[in-house]
Amino acid sequence: IKPGFAEAFSNLAATYKDQGRVAEAIACYEQALASRAWFPDAFSNLVHSRQFIAVWAQRDAQFAELERVVDFQLAQGVCPAVQPFHAFVY
């Protein structure tokens, strides 16, 4: 994958997550966000993936950031990055 291609890393992460390879998914979401800091879908999926393997170290800060992202997206009239079924995990 081209190093700065955030969408490709996010798509690969989603594939890994669907296969149950959550640690690899997390690494790809992190790479996507390193390439593009404002990538709400990747950030939302990263936080969701971390819940699967009980990575709690940054949980409060990440949830606060998710709330800011969703509030911003709703104010802009954009579909929020947090998917409805993800909310059950939070």
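The values are calculated or read from the model by the stated rules, or taken from the named source; none is laboratory data. Note that the coordinates shown come from a computational prediction; the quantities given were computed from them, not determined experimentally. Backbone-built Cβ (ideal geometry, glycine too); neighbour counts: all protein chains shown. Heads up: the accessible areas ignore ligands, DNA and RNA and are worked out on the full protein's heavy atoms, side chains in. Shrake-Rupley method; radii C 1.70, N 1.55, O 1.52, S 1.80 Å.
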Consider Pro3 carefully, then state whether it is part of a loop (DSSP other than H, G, I, E, B) and open to solvent by less than 70 Å² (accessible area, probe 1.4 Å).
-> no
Restricting the stretch 15-30 to residues that are of a type outside the set (Ser, Thr, Tyr) and without any contact (Cβ under 8 Å) to a residue 24 or more places away in the chain, which is least open to solvent (accessible area, probe 1.4 Å)?
-> Cys28
If we keep only residues of the stretch 66-78 that are within 19 Å of Tyr29 (Cβ to Cβ) and open to solvent by 90 Å² or more (accessible area, probe 1.4 Å), then the residue modelled with the highest pLDDT is Arg68
With the first residue restricted to the stretch 49-63 and required to be without any contact (Cβ under 8 Å) to a residue 12 or more places away in the chain and open to solvent by 100 Å² or more (accessible area, probe 1.4 Å), and the second required to be in a helix (DSSP H, G or I) and among the hydrophobic types (A, V, I, L, M, F, W, C), Cβ contacts under 9 Å at 6 or more apart or on different chains are Gln58/Val47
Does the stretch 31-48 hold any residues that are buried (at least 19 other Cβ atoms within 10 Å of the Cβ) and assigned to a loop (DSSP other than H, G, I, E, B), and which are they?
-> Phe39
